[in-house]
1. Specify the residue with the greatest mean-square fluctuation among 47, 97, 17, computed from a Gaussian network of the chain linking alpha-carbon atoms under 10 Å apart.
2. Mind giving me the FRET efficiency for residue 46 and residue 114? R0 is 22 Å, r the Cβ-Cβ distance, nearest 0.05 is fine.
3. Counting only C-alpha contacts under 8 Å and six or more residues apart, can you give the relative contact order of region 5-181 as a whole percent?
4. Any idea how far apart residue 148 and residue 99 come out in nm if each label point goes 7 Å out from Cα toward Cβ?
5. Have a look at 119, 68, 21 and tell me which one the Gaussian network model of the chain (Cα, springs below 10 Å) gives the largest fluctuation.
6. What 222 nm value per residue comes from the helices of the chain, counting each DSSP H run with n ≥ 4 as -39,500 (n - 2.57) and dividing by all residues, nearest 500 deg cm²/dmol?
7. Output the antiparallel fraction of DSSP beta bridges having both residues in the chain, as a percent to the nearest 5.
8. Would you kindly state how much longer the chain becomes between residue 14 and residue 85 on full extension, computed as 0.36 nm times their sequence separation minus their alpha carbon distance, in nm to one decimal?
């Protein structure tokens, strides 16, 4: 189904591919996937160039930020998946996570011409594999219901249920906190 589709971890070498995707027509060059990452000082700077610089600094420091889906080596989609501690507070739940290494999926971007092709399934499967390779014990996501007026970039509950994510609570009024225990 995904002929010619590959996955690349975003790092120093693949940064140009992320730039190409985010700066393409319709790309998220205004946010650079910093909404859930920005520190107290960084959150004050909402312009695209500042956010790009903040994300690039994380990549240059070797901090995981996510993966790219490439079709015939052309970047076509993004999934923000990284250790939970690299994000701002994502939920208010008090879960017993003492010995867990949790990674979070917080955002998807798919080029317009590929939306509706179920590419999100490829991204979720790839994110699970990526987190597992990096020794995550739990992968967490924050999807919304189909009728949600916001946070749709975080995915939809039924898609995560297909991969056996289980709801463990809510984050705000719209986002569901869903987890998958990894081996």
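Taken together, the values in this text are just the output of simple stated rules run on the coordinates, not laboratory data. Computed from a predicted model, the values in this text were never measured in an experiment. Ideal geometry is used to build each Cβ from the backbone, glycine not excepted, and the neighbour counts take in all protein chains shown.
1. For the chain, modelled as a Gaussian network with Cα springs under 10 Å, the answer is 97.
2. On the way: r = 28 Å, r/R0 = 1.26.
Plugging the Cβ-Cβ distance into 1/(1 + (r/R0)^6) gives 0.20.
3. Numbers: 299 pairs, mean separation 32.8, N = 177.
Taking the mean separation of contacting Cα pairs over the length of region 5-181, I get 19 percent.
4. 3.2 nm
5. Ranking 119, 68, 21 by mean-square fluctuation puts 119 first.
6. Numbers: 4 runs with 42 residues, N = 183.
Rounded to the nearest 500, the figure is -7000 deg cm²/dmol.
7. Numbers: 26 of 31 bridges.
Percentage antiparallel, nearest 5: 85.
8. 23.3 nm
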